[in-house]
Amino acid sequence: MGRLSGRVALVTGGLGGIGSATAHLFAREDATVVVTDLAAHGPVPPSATYRTLDVTDDAGWQALAENLRAEHGRLDVLVHTAGIAMSRPLLDTSPEEFRRVQETNTTATFLAIRAVAPIMPPGGSIVTLSSVNGVLGATGLAAYGASKFAVRGLTKVAALELAEAGIRVNTICPGSIATEITASSDFADTDWAAYTRTIPLGRRGTPAEVADVALYLASDASAYVTGTEIVVDGGVSAGRRFPRR
Ligand SMILES: NC(=O)c1ccc[n+]([C@@H]2O[C@H](COP(=O)([O-])OP(=O)(O)OC[C@H]3O[C@@H](n4cnc5c(N)ncnc54)[C@H](O)[C@@H]3O)[C@@H](O)[C@H]2O)c1
């Protein structure tokens, strides 16, 4: 029997790197998986259902929640991975760009929690995606970092308010994971080899390594864990290493 046997799990951004790895892992752990993303359809686990959802669309969220209630009677797990990145110096970031990142990363996380909590039974688990850049500042990430710090705060408030309903809410703060999110032109001049040398474990992470943590937070293995974050960053946020001659 899988670790999510009998659970209904929704993975947003499920065609992306971390979302796809999570959807596949959850399907292997016997969850009934519903995947959403922006495209009309995409490669999802054979047992999963796919639906199109722009996570910034509140009416879309309400319709999805109603649909989940009608089809499954409830939702046990949400892993909200949909998100965008932007790398630009603060002074070169337009107000529209800044707002777009907050809308997609932060407001959408709020809409997600607000839509699914009412159809979650006690024992439900919501997993949001912040970032190591929601824990530490980083150059070029004014809009992204602000959105990911906000997701951590939102997650803690949701955990406090939903605890009475028996719903846990936690966030994952990945470090650098090789996915499409850093494939855009924004990151074209990033020196990934030099970046990798700053990671204590000496390499970027994989989507599967984030999915493993999502599974822990989704399952009863984390039954007493709520309102917190798990950093999955190869040690980057642990502190600074003293350079040696
Ligand atoms: N990859 C990393 O290094 C890293 C590090 C820290 C945090 N994260 C966070 O993890 C999450 C997943 O990132 P990833 O690396 O898998 O990226 P990804 O680009 O591979 O996947 C993100 C998915 O979100 C979807 N998406 C974007 N905007 C959407 C919208 N408005 N509505 C619905 N879907 C939308 C995209 O279509 C894509 O499939 C993001 O929230 C990201 O900020 C990633």
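The values are calculated or read from the model by the stated rules, or taken from the named source; none is laboratory data. The structure displayed is predicted, hence computed values, not measured ones. Backbone-built Cβ (ideal geometry, glycine too); neighbour counts: all protein chains shown. Only protein heavy atoms, including side chains, enter the accessible area calculation; ligands, DNA and RNA are left aside. Shrake-Rupley method; radii C 1.70, N 1.55, O 1.52, S 1.80 Å.
Using a 1.4 Å probe over the heavy atoms of the protein chains, calculate the carbon and sulfur portion of the accessible area of the chain as a whole percent.
Here it works out to 56 percent.
Please report Rg (one decimal) and Dmax (integer) in Å for the Cα set of region 151-228.
16.1, 47
At what distance in angstrom do the alpha carbon centres of region 58-101 and region 150-188 lie from each other?
11
Given a Förster distance of 22 Å, report the FRET efficiency between residue 39 and residue 114 from their Cβ-Cβ distance, rounded to the nearest 0.05.
0.35
Taking 0.36 nm per residue of sequence separation and subtracting the Cα-Cα distance, how much length would be gained by fully extending the chain between residue 216 and residue 193, in nm to one decimal?
The residue 216-residue 193 span can extend by a further 5.2 nm.
Just to confirm a number: summing +1 for Lys and Arg and -1 for Asp and Glu over residues other than residue 25 whose beta-carbon lies under 12 angstrom from that of residue 25, what do you get?
-2
What distance in nm separates the simple spin-label points at residue 238 and residue 28, each placed 7 Å from Cα in the Cβ direction?
Going by the 7 Å Cα→Cβ label model, 2.6 nm.
Can you divide the C-alpha Rg of region 96-245 by 2.2 N^0.38 Å and report the result to two decimal places?
Against the empirical 2.2 N^0.38 Å value, I get 1.11 for region 96-245.
Taking the solvent-accessible surface of protein heavy atoms with a 1.4 Å probe, what is the per residue accessible area of region 8-234 in Å²?
Each residue of region 8-234 exposes 44 Å² on average to a 1.4 Å probe.
Just the accessible area for residue 98, please: 1.4 Å probe, Å², rounded to the nearest 10?
Around 80 Å² of this residue is reachable by solvent.
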